[in-house]
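K.L.:
Encoded as structure tokens, here's the structure I'll be asking about.
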Amino acid sequence: MMTGVTKGFEYKMKMVYAHFPINVACDKTPGARANNKIEIRNYLGEKVVRTAIMGEGCVVDRTKEKDEIMVTGNSLENVGRSCSLIQQMCAAKHKDIRKYLDGIYVSSKKVIKE
């Protein structure tokens, strides 16, 4: 708990796709719950928009690197839960997972150093 309050936690997630590029939009509405929503479009070419609401205190944003998002926050549990929610939303349902590897996966976890 002390580490989270003083430094914070950061998870980076990579978007992996073979044919259809995944589009991600991070909500940047000002207010108490700023940067607290992520919308995923064009996953496997589907028209459905997947929306995930991040845990309390978590901030999701795009990085400068291509096809990468970053989830940061003070609570390790909330940051991890938010990343797992994003990963589970982009699971290839009713398909052979050995062939359909598309999705958003956690690539690195670290403590933010100031």
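K.L.:
Could you tell me which of the residues Ile86, Ile22, Ile40 is touching a Cys at 6+ places or on another chain (Cβ under 7 Å), of a type in the set (A, V, I, L, M) and touching a residue at least 24 places away in the same chain (Cβ under 8 Å)?
P.N.:
Ile40
K.L.:
Pick from the range 83-114 the residues that are of a type in the set (A, V, I, L, M) and within 15 Å of the chain's Cα centre (by Cα): which of them is farthest from Val48 (Cα to Cα)?
P.N.:
Quick first cut of the range 83-114, residues of a type in the set (A, V, I, L, M) only: 85-86, 89, 91-92, 97, 101, 104, 106, 111-112.
The next check asks that each one be within 15 Å of the chain's Cα centre (by Cα); those that pass are 85-86, 89, 91, 104, 106.
Numbers: Leu85: 17, Ile86: 15, Met89: 12, Ala91: 14, Ile104: 16, Val106: 23 Å.
Out of the qualifying residues, it is Val106.
Bear in mind that the values in this text are calculations on the coordinates, not laboratory data. Note that this is a predicted model, so its numbers are computed, not measured. Cβ: placed from backbone, ideal geometry, glycine included. Neighbour counts: every protein chain shown.
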